[in-house]
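Trainee: Sharing a structure below in structure tokens format, with a few things to ask.
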Amino acid sequence: MAGISFQFTPWAPFHAHKDKNTVRNWLRRIGKASEEAFRNGMSGHYPPSSAPGAWPHNRTGDLKKSIRSEVSGDVLTVGTQEVYAVYLRYGTTRMARRKMSDNALQEGMAAAGDLGHWVEWTRP
């Protein structure tokens with residue numbers, strides 16, 4: 001019976017580097033997908049008020065118009081500067097939380113694909 005032999009030839013060392021332009025462009029795609037998810041989620045009109053845990057309903061259009069994303073270096077921010085957005089995001093003693101930028105960002109990461117499994121949403 002003939003013997004079997006194995007020979008292992010190691011790979012040459014390789015180095016990975018981060019292409020900053022590729023990362024920034026990818027983050028911009030996530031930002032735009034997040035803005036779209038946020039705006040599309042706000043398709044309901046007031047009255048009635050949105051349900052707890054749902055996207056806010058559109059009352060004046062100010063919140064919907066103010067949704068923005070910004071890429072600075074390798075950091076993506078999605079949100080709004082509307083003062084009352086904090087109450088929608090965290091809820092109050094009289095109102096449950098609504099979906100907001102963190103939910104939009106998660107949907108945007110899923111929609112942008114590609115490198116999505118390499119990132120995670122973090123709280124500031």
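Each reported figure results from applying straightforward, stated rules to the coordinates on display, with no laboratory input. The structure displayed is predicted, hence computed values, not measured ones. Note: ideal-geometry Cβ built from the backbone for every residue, glycine included; neighbour counts use all protein chains shown.
Trainee: Tell me the label only: which of (1) 13.7; (2) 17.8; (3) 8.4 is mean projected area of the Cα convex hull in nm² as calculated from this structure?
Mentor: Matching the structure shown: (1).
Trainee: If you don't mind, there's one more thing I want to ask. Go ahead and estimate [θ] at 222 nm for the chain from helices alone: -39,500 (n - 2.57) per DSSP H run with n ≥ 4, summed, over the residue count, rounded to 500.
Mentor: Rounded to the nearest 500, the figure is -11000 deg cm²/dmol.
Trainee: Report the Cα centroid-to-centroid distance between the stretch 1-69 and the stretch 85-106 in angstrom, as an integer.
Mentor: Centre-to-centre (Cα) distance: 19 Å.
Trainee: Principal axis extents for the stretch 54-112, Cα atoms only, whole Å, descending order, please.
Mentor: 38, 21, 17
Trainee: For Ser50, enumerate residues with amide H under 5 Å from its amide H, sequence gap 5+ or separate chain, H modeled in the peptide plane.
Mentor: Correct list: His57.
Trainee: Across the stretch 9-100, how many lysine pairs, 8 or more positions apart or on different chains, have C-alpha atoms separated by under 19 Å? Please give the number.
Mentor: The result is 6.
Trainee: How many nm separate the modelled label positions at Ala54 and Arg97, each set 7 Å beyond the Cα in the direction of the Cβ?
Mentor: Label at Ala54, label at Arg97, 1.9 nm between them.
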